[in-house]
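Okay, so here's the structure we're looking at.
The values are calculated or read from the model by the stated rules, or taken from the named source; none is laboratory data. The shown structure was predicted, so the numbers you read here are calculated from the model rather than taken from an experiment. Neighbour counts are summed over all protein chains in view; Cβ atoms, including those assigned to glycine, are modelled from backbone coordinates with ideal geometry.
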Amino acid sequence: MNDDRMDELLADGTRDYNEPGAVPREEIWARVQAARASAPRTPIVAAEKHRPAWIWASAAVAAGIILYAGIAIGRRLEQPTAAQHLAKNPATTRRDSSNSSAPSRDTLGAKSPSLVPPTAVAAGAKTTPDDEIVRKLREQTRSTGQRAKELATATVAGRDAQSNNLAYRFVMLQHLAGSEAMITAFRSSARRGEVDREIAAWSRELLSTTRMLESSAASQDPTMRRLLEDLDLVIAQITQYVTRGTNSPDDLDLIDQSISKRSVIAKLHGINPGRNLPAGT
Amino acid sequence: MSENPRVVDRQLVHRCLSGDSLAERALYDAHVERVYRLMHRMAGDADLAADFTQETFIRAFERLEQFRGDASLATWLHTIAVSIALNGLRKVQRIRGRTDSIDDSPGLSVPPAGFTADLKARLHSAVDALSEKLRPVFLMHDVEGYTHDEIAGTLGIPVGTSKARLFDARAKLRLALAAFAGDPIA
């Protein structure tokens, strides 16, 4: 018997090997749902009323970075608008610009309400030192995620593509700054076994945005793509860690190793221009 | 314009992670058929196949945050499924091993008994007796029609290894078939 005949026999003989019948689709789905519903949810450590001030100081620094990056890019976006405004209302604009060589912060604030000066955050931190800062950071994260979603669904072509790229860059920088803030806050609090719900939710939001950006035009730049992939891994580990709520030192070490091995923080520092901006810009 | 499947996967995962139950069901519907078929081919038992499939999706939803999109969602799910099936079958074999006699267990050393109607049964026994490395590759490629790329991604092996294992599996089955038919094929 030759090989071809053997192969024919093999094919014929195994075609109905353990042949499945109809897939019990609904039955399996019901069992999956039931199992997931009854699975014990690992509790996330409840937020403590008073956290060490240095945790929130680091978060405040990170918040500042977000705002600096936002203002820097916001100003770049503002420049053409200011030029158009000058053409339309030269007198008004000259009066505005006489107070400052840079575009008016009031104008900037009116167009971008979230871009408040960092001093405002610091003032807010005095009255409500911790929750207020995290709340602001998460709001920023959410708006960044929302903006990324809008950009992903928008159709752009030709001349619009350039402004779209700039918009993506803006979103990317905001996202990177937000990610750094969360990682900083997480590392600080996790070491003390105090990872709270805010950070858990925050990491989930950042993970979603990271993945959205990975699938977007923002990841066309190889450097950005690699950074997003690194962030994806680290934030996924953090999300898993805080969702499990086991506070395992081994898991924490793994996260630290991922951050160190991939030089995530150093890369974020290298890309974030907000770090090089002088105060008040 | 057709969408990139990887992007579609990521969007679906993103929606699932956001708590979208319709997306979870869509993910399940998109993959359950193929996963169940493979589980049934491997387990040879509808109840075990359903158990393995159920466990695959439970674990997948638990670990969805870990899906990075390096491979397709289908490959990622199949990796989980094959791992569950192999572990599950090892347990089943351990349990059966306590009750079955060695004479009852299938093997390649089937004595030639003429080319009769039970050839298929003997061949199936030979497939059962393939090693843990060869059997999934043979079932995925020759029975279920997976490509070597898909098999390599699922089992975490190079494509060349997948091809080599398939070659080995077919050789062993040919040998069993030849022995059964009384044909001196080496």
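For B:Arg63, the test of being among the charged types (D, E, K, R), touching a helix residue (DSSP H, G or I) at 6+ places or on another chain (Cβ under 9 Å), surrounded by fewer than 17 Cβ atoms within 10 Å (Cβ to Cβ) and at the interface with another protein chain (Cβ under 9 Å from one of its Cβ atoms) is passed. Taking region A:250-262 on its own, how many of its residues are loosely packed, with under 13 Cβ neighbours inside 10 Å and modelled with pLDDT of 75 or more? Selection size over region A:250-262: 3.
Residues of region B:14-41 that are facing chain A (nearest Cβ under 7 Å) and crowded, with 16+ Cβ neighbours inside 10 Å: B:His14, B:Leu17, B:Tyr28, B:Val32, B:Tyr36, B:Arg37, B:His40, B:Arg41. The lone criterion from (1) assigned to a helix (DSSP H, G or I); (2) touching a Gly at 6+ places or on another chain (Cβ under 8 Å) left unmet by B:Thr53 is number (2). For region A:202-218, the set of residues classified as within 11 Å of another protein chain (Cβ to nearest Cβ) and assigned to a helix (DSSP H, G or I) consists of A:Ser203, A:Arg204, A:Glu205, A:Leu207, A:Ser208, A:Thr209, A:Thr210, A:Arg211, A:Met212, A:Leu213, A:Glu214, listed by residue number.
Number of residues in region A:198-234 that are crowded, with 24+ Cβ neighbours inside 10 Å, under 12 Å from the mean Cα position of the chain (by Cα) and within 16 Å of A:Val134 (Cβ to Cβ): the value is 3.
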